[in-house]
Amino acid sequence: MDKKILLGHGSGGKLTHNLIENLFVRHFHNPVLADQTDSALLSLDTTNVAFTTDSFVVDPLFFPGGNIGKLAIAGTVNDLAVSGAKPLYLSASFIIEEGYDFNDLEKIVQSMAEEAKKAGVQIVTGDTKVVNKGKCDKIFITTTGLGTLSSQLKHISTADKVKRGDKIIINGTIGDHGMAVLAAREFLNLKSDITSDCACLNHLINKALNVSAQIHFMRDATRGGVATVLTELAEITGMGIEIDEQQIPVNENVRGMCELLGYDPLYVANEGKVIMVVASEDTDQVLKAMNNNKLGSNSSVIGEIVDEHPGRAWIKTTIGGKRILDMLAGEQLPRIC
């Protein structure tokens, strides 16, 4: 059927009711959502709660390795997981342009349901608005996430326990998401085999946390890429960081596309990469645990925390020199997540 989203789907009346029942509730079904109360009523067995929210405006909506729906789930789950939290519940809010194809909307919703199931989280509440044609670009999604956090892991977000000699680990190749989305933009007329790394990392992170109590910091390297995360870490801790360019895994197709277009992979967005700072004595066991997971099979040590150049991140280049890493200045790739 060539069904389209109508303004009436956002009116709060019968069309809205049908959309919620026949699309969102059907795919996101769980006991909490089934109650359809104005607020989801949740039970949390802790006083430490992790809470995050994010909006997704990626262009194009579908790209190799995912779509805006999968991205919305993974992005929010990962924000909780890298804080050391166990993701439990999500909300999902949709702003949809009048005339948007219903079948494409259902594909997006299906991918959200599938990714949430993989991650072991529930979508328990949400909202839908429809705006006039031309007032938004097809569809925007906002997700909010809630998780529980052990007191023993509260230091992960703050980096309070990072110390000299700690090793810096990443779970695989960088820049895949940004280049996959860029290549999918029709006006560039680019052909590539690059697939986005978009994925929920909570199970991988949990494996690492289970084998080590010495994970001192985690952050997912999304917009701004790896370089921005490392620069922020150096500023937060006041310590120096040195990474080795030869140890940073980069897919050859990504490297070639970056060279063609003048991008540095260190600043390109990822949606399935976590940077961990781990005590040197626990590095091997953390790497082993991560390598045993599909999403961490290319994990490697890319650098360490040092006394030199406090508050700065440096990179040892492949030609033997060194240069300072800084935060991304301006917008490198718009509408990437």
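The values are calculated or read from the model by the stated rules, or taken from the named source; none is laboratory data. A quick note: this is a predicted structure, and the numbers were derived from the prediction, not measured. Every residue, glycine as well, gets a Cβ built from its backbone with ideal geometry; the counts of neighbours run over all protein chains shown.
Is it true that residue 315 is touching a Gly at 6+ places or on another chain (Cβ under 6 Å), in contact (Cβ under 8 Å) with a residue 24 or more places away in the chain and β-branched (Val, Ile, Thr)? Answer is no for this residue.
Taking segment 280-308 as the range and being free of Cβ contacts under 8 Å to residues at least 60 places away in the same chain and either outside the structural domain of residue 244 (by TED's automatic domain parsing) or more than 21 Å from residue 270 (Cβ to Cβ) (or both) as the test, only 284 passes.
If you go through segment 227-278 and keep only what is touching a strand residue (DSSP E or B) at 6+ places or on another chain (Cβ under 7 Å) and either basic (Lys, Arg) or under 22 Å from residue 80 (Cβ atoms) (or both), you end up with 229, 230, 233, 273, 274, 275, 276, 277, 278. Considering only segment 111-118, I want to know if a residue exists there that is closer than 20 Å to residue 271 by Cβ, without any contact (Cβ under 8 Å) to a residue 60 or more places away in the chain and among the hydrophobic types (A, V, I, L, M, F, W, C). Looking through segment 111-118, none of the residues is closer than 20 Å to residue 271 by Cβ, without any contact (Cβ under 8 Å) to a residue 60 or more places away in the chain and among the hydrophobic types (A, V, I, L, M, F, W, C).
Mind listing whichever residues of segment 237-250 are over 21 Å from the mean Cα position of the chain (by Cα) and not in a strand (DSSP E or B)?
237, 238, 239, 245, 246, 247
Residue-by-condition table, conditions (1) outside any strand (DSSP E or B); (2) crowded, with 18+ Cβ neighbours inside 10 Å; (3) out of contact with any Ser or Thr (no Cβ under 8 Å at 6 or more places or on another chain); (4) among the hydrophobic types (A, V, I, L, M, F, W, C):
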| position | (1), (2), (3), (4) |
| --- | --- |
| 93 | no, no, no, no |
| 107 | yes, no, yes, no |
| 111 | yes, yes, yes, no |
| 117 | yes, no, yes, no |
| 123 | no, yes, no, yes |
| 141 | no, yes, no, yes |
| 157 | yes, no, no, no |
| 172 | yes, yes, no, no |
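Out of 330, 296, 311, one residue alone is modelled with pLDDT under 95 and farther than 15 Å from residue 226 by Cα. It is 330.
All of (1) part of a loop (DSSP other than H, G, I, E, B); (2) over 16 Å from residue 178 (Cβ atoms) hold for residue 222 with one exception: (2).
Which one of 287, 295, 260 is on the phi < 0 side of the Ramachandran plot and in contact with a Ser or Thr (Cβ under 6 Å, 6 or more places away or on another chain)?
Exactly one residue qualifies, and that residue is 287.
Filtering 169, 174 for residues that are modelled with pLDDT of 95 or more, under 22 Å from residue 251 (Cα atoms), of a type outside the set (Lys, Arg) and within 15 Å of the chain's Cα centre (by Cα) leaves a single hit, 174. In segment 63-71, the condition of being small (Gly, Ala, Ser), over 30 Å from residue 183 (Cβ atoms) and either touching a Ser or Thr at 6+ places or on another chain (Cβ under 9 Å) or not in a loop (DSSP other than H, G, I, E, B) (or both) is met by no residue. Inside segment 12-34, residues that are surrounded by 12 or more Cβ atoms within 10 Å (Cβ to Cβ), free of Cβ contacts under 8 Å to residues at least 60 places away in the same chain and not aliphatic (A, V, I, L, M) make up a count of 4. Pairing each residue of segment 242-254 that is touching a residue at least 12 places away in the same chain (Cβ under 8 Å) with any residue that is crowded, with 17+ Cβ neighbours inside 10 Å and in a helix (DSSP H, G or I), provided the two are 6+ apart or on different chains, yields C-beta distances under 7 Å for 243/230; 250/265; 251/176; 254/176; 254/179; 254/265.
Can you confirm whether residue 196 is outside any helix (DSSP H, G or I), surrounded by 22 or more Cβ atoms within 10 Å (Cβ to Cβ), of a type in the set (S, T, N, Q) and touching a residue at least 40 places away in the same chain (Cβ under 8 Å)?
When the stated conditions are applied, residue 196 passes them.
Of all residues in segment 253-288, those satisfying the criterion of being surrounded by 22 or more Cβ atoms within 10 Å (Cβ to Cβ) and of a type in the set (Gly, Ala, Ser) are 269, 272.
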